[in-house]
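Structure record follows, encoded as structure tokens.
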Amino acid sequence: MKPPNTSKNGESFVPFLEAMRGSEASSSADTPSGEISIQFLRELDAHGPETVPDLMKTMRIDVVRFANALKTLQSAGLVEVVSAAGEHLETVSLTKVGRQLARVGNEMRAL
């Protein structure tokens, strides 16, 4: 059975879930990669787009785990990383599907 889509335009967070299953199997850190990814989504949902250095400071995780989580979320289409013309700092923001997933997660957490 195929999982339901998360939006009307056919976008789905299934690629994210599949990517997380694979990355959790290879994670040796104390904090599972899925928790780091959820932390990413919550932070960006609560505070809006952030530069990479600011987001790293807020999340308080090492560079390797940060980079792995960012790559996973970006590949799944949940975040986008943009560099403004003439800027050296990249900004991370939620995509529409990433925002929806973060809010569903927050609602479930409140239960």
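Coordinate-derived values only; no laboratory data. Keep in mind that what you see is a predicted model, and the values were worked out from it rather than measured. Positions of Cβ are backbone-derived with ideal geometry, glycine not excepted, and every protein chain shown enters the neighbour counts.
For segment 68-111, GluC sites (Glu not before Pro) are listed when DSSP marks them as loop and at most 14 other Cβ atoms sit within 10 Å of their Cβ; the list is Glu87.
Loop-located trypsin sites (Lys or Arg not before Pro) across segment 45-111 with a Cβ neighbour count of 15 or fewer within 10 Å are Arg60, with loop assigned by DSSP.
Cα gyration tensor of segment 30-110, axes a ≥ b ≥ c as square roots of the eigenvalues: rounded (a/c below 1.5), prolate (a/b > b/c) or oblate? Judged from the Cα gyration tensor, segment 30-110 comes out oblate (a/c at least 1.5, b/c at or above a/b).
Using the Cβ-Cβ distance between Arg109 and Gln74 with R0 set to 22 Å, the FRET efficiency from 1/(1 + (r/R0)^6) comes to roughly 0.40.
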